[in-house]
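The values are calculated or read from the model by the stated rules, or taken from the named source; none is laboratory data. None of these values were measured; they are calculated from a predicted model. Positions of Cβ are generated from backbone atoms using ideal geometry, with glycine treated the same way; all protein chains shown enter the neighbour counts.
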């Protein structure tokens, strides 16, 4: 499903850039080059795919820059709501992206503190009437100046009418409106469950002007992730290992029909298990070169 991103409907961000912007755009040469978004491309190059996400970050940055020029020209400026919805299957990078956004928005001076708070149902829902609103408000207060990330947000709607999860939703909605430019709220979860969740509170969907769909990775992208994970650990997959992994991924994708597949988590587990197998193989060999210490072969890949 195509992502929906509507940044301009709520006006423009009224922020004058300070020293933190220099952390994100480290030198004038980068900012004034033919590609003013070069720094963003560099910062988010780690994320494979996710073109819509990268375009959204560029829109937000461009809006800040132009808003500053409008202010200098005496034109009207308005703050922009940046609450977001992330919809995607496991291992598609939702939490990792949220962490990165907290840092990036701090460096762009969108957030005053830029800290990241991850929460789940247990952090929001209390055990008696009034307790949930108290817990939720305390968490929001803690998130002021930063980013609050609620994963599996649809779990707040489970339990029926008498469940206190609904109180957490109502409290979030109220403070999103009252403090809409003082913190950023991201609700995340699986696509189908999030669609159902949004129907349970009138006007909830309209509170989130930025909706990003995290699609399942293709086989080629998963292989790229595998290479990336190996390099981070100073390992390298042999060509034979990559061919074996590609064949396995194609079978897995067909088996899962693109549902309930854990994407990058699946790759991480394979890489980490392969590294353990690699270590056992070398220990038994009792003699190895530096190159052998780095190479993961097809024999190290246990794809059960």
Candidate set: the stretch 143-156, residues that are in a loop (DSSP other than H, G, I, E, B) and touching a strand residue (DSSP E or B) at 6+ places or on another chain (Cβ under 7 Å); chosen: the one nearest to residue 177 (Cα to Cα): 146
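In this structure, does residue 265 turn out to be assigned to a helix (DSSP H, G or I), in contact (Cβ under 8 Å) with a residue 24 or more places away in the chain and surrounded by 12 or more Cβ atoms within 10 Å (Cβ to Cβ)?
Here the answer is yes, as residue 265 does meet what is asked.
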Looking across the stretch 173-183 at residues that are touching a helix residue (DSSP H, G or I) at 6+ places or on another chain (Cβ under 7 Å) and touching a residue at least 40 places away in the same chain (Cβ under 8 Å), the single one that is surrounded by the fewest Cβ atoms within 10 Å (Cβ to Cβ) is 176
On the given criteria, is residue 231 part of a helix (DSSP H, G or I), outside the structural domain of residue 50 (by TED's automatic domain parsing) and in contact (Cβ under 8 Å) with a residue 12 or more places away in the chain? no
Quick check on residue 106: is it within 15 Å of residue 57 (Cβ to Cβ) and in a helix (DSSP H, G or I)? yes
Yes or no: residue 186 under 16 Å from the mean Cα position of the chain (by Cα) and not assigned by TED's automatic domain parsing to the domain that holds residue 44? no
Among the residues of the stretch 122-135, is any closer than 21 Å to residue 195 by Cα, in contact with a strand residue (DSSP E or B) (Cβ under 8 Å, 6 or more places away or on another chain) and at pLDDT below 90? yes
If we take the stretch 1-84, then helices (runs of 4 or more DSSP H) inside it with 2 or more residues that are surrounded by 15 or more Cβ atoms within 10 Å (Cβ to Cβ) and modelled with pLDDT of 80 or more are 38-43, 51-72
Quick one: is residue 209 assigned by TED's automatic domain parsing to the domain that holds residue 185 and free of Cβ contacts under 8 Å to residues at least 60 places away in the same chain? no
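On the given criteria, is residue 127 part of a strand (DSSP E or B) and either touching a residue at least 24 places away in the same chain (Cβ under 8 Å) or farther than 20 Å from residue 184 by Cβ (or both)?
No.
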Look at residue 248 and say whether it is over 27 Å from residue 56 (Cα atoms) and either crowded, with 18+ Cβ neighbours inside 10 Å or in the same structural domain as residue 194 (by TED's automatic domain parsing) (or both). no
Unique residue being buried (at least 16 other Cβ atoms within 10 Å of the Cβ) and in a strand (DSSP E or B) when the list is 117, 140: 117
